[in-house]
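Data first, discussion second: the structure below is written as structure tokens.
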2 protein chains.
Amino acid sequence: MLRISKMTDYATLILAELRDSSTLASASELAGRTGLGLATVSKVLKTLARADLVTAQRGSNGGYQLTTSADTISAAAIIDAIEGPVAITECATDDIACELESTCNLGGAWQKINTAIRAALTDVSLEDLCTGTNIPDTFPLLPLAAIKPGVRNASALRRASKL
Amino acid sequence: MLRISKMTDYATLILAELRDSSTLASASELAGRTGLGLATVSKVLKTLARADLVTAQRGSNGGYQLTTSADTISAAAIIDAIEGPVAITECATDDIACELESTCNLGGAWQKINTAIRAALTDVSLEDLCTGTNIPDTFPLLPLAAIKPGVRNASALRRASKL
DNA sequence: TAAAACCGGACTAAAATAGTACGGATTAGT
DNA sequence: ACTAATCCGTACTATTTTAGTCCGGTTTTA
């Protein structure tokens, strides 16, 4: 559920390498360091460059570097760059009202959740991802938890424990 | 990014209808009420029944009803039921270590984030989804926010505002 | 016994994702 | 100027996932 694509995963790996590198790193260099295919690394880097997360230098001795420091690049930005600004539900994707709207009695609840998750991901930086800091094992969503003590059913617990 | 499948969306719609119904509701009844195809509704209901979120009554006059009350069914449980216990990254899916592990210097950061999101979704109930209550517009992730004041880059902000 | 309903699984079609390939443009060094 | 290294853009293919449909079987009620 709620998975990020492999490409986004790769992007994180690559960005992490760039973070460790003080100079320009070429696509083939990064391919070597990450163990991924050159073509794939190239593709990811091009996408990241278009999103302005990395800056490219062309020509011989060219390569890539982070546009800004690792603590100013958010997890949300990485996901956005690779996967585009896709929303959690179909009908949240664009401003066209979904055809089921009349029978849909869910007043955009999923969209709200989506926004909330995005906010959470915006507060996690590449630096955090690399160092593993600032990412708590559980995200106590205070306002929610305070209002209703987390009610969980058996199957949810069972699955959660396996995760 | 991070989208739930259409089927999960449908499941929520169907569960919401079941919540409003005091008696058994058949698949065709629910298809009518939601505006979805019968075959699709059937499929979703069967899956939900297997996950024990709804209880089926077979035979003539049969149908479905919620197994427990709407406030004991979590959003996480619904997603799990339809999409299975899939994790946010490939290598988190099973306990087999991913082949990139040696070069992967991301110590399961995505997995942590996944767990955190799951925790958040476990605290949102079907009842919440239906009524729209208890779902704040933003989820202030207190422990995170307290430690580092949300650093966002321009492109993240731009995209977020379009969402 | 017949009709209504769920059950399980197979099946197809469509869409998204992953990965590859290639000709073109840019730059540095010689 | 020439050449090699490198990024750029895009098109392409293959694979996987998702969505949606169908059907034969079982259960229950009347």
Which numbered condition trips up B:S74, out of (1) facing chain A (nearest Cβ under 7 Å); (2) more than 14 Å from DNA strand D (Cβ to nearest atom); (3) farther than 30 Å from A:T12 by Cβ? (3)
Test B:L36 against the stated conditions and say whether it is among the hydrophobic types (A, V, I, L, M, F, W, C), within 12 Å of DNA strand D (Cβ to nearest atom), over 13 Å from the mean Cα position of the chain (by Cα) and within 8 Å of chain A (Cβ to nearest Cβ). yes
If you take the residues in region A:47-68 that are farther than 14 Å from A:L24 by Cα and not aliphatic (A, V, I, L, M), which one is nearest to DNA strand C (Cβ to nearest atom)? A:T47
Hey, can you tell me all the residues within region B:1-19 that are farther than 13 Å from B:A70 by Cα and more than 12 Å from DNA strand D (Cβ to nearest atom)? B:M1
Tell me which residues, restricted to region B:2-23, are within 9 Å of chain A (Cβ to nearest Cβ), at negative phi and not in a helix (DSSP H, G or I). B:R3, B:I4, B:S5
Which residues, taken from region A:24-42, are touching a residue at least 24 places away in the same chain (Cβ under 8 Å) and in a helix (DSSP H, G or I)? A:A27, A:E29, A:L30, A:T34, A:T40, A:V41
Residues A:V44, A:V86: which one is within 30 Å of B:S5 (Cβ to Cβ), within 16 Å of DNA strand C (Cβ to nearest atom) and modelled with pLDDT of 90 or more? A:V44
Lone unmet requirement of (1) within 21 Å of the chain's Cα centre (by Cα); (2) modelled with pLDDT of 80 or more for A:E29: (1)
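The values are calculated or read from the model by the stated rules, or taken from the named source; none is laboratory data. These figures come from a predicted structure and were not determined experimentally. Cβ atoms come from the backbone with ideal geometry, glycine included; neighbour counts cover every protein chain shown.
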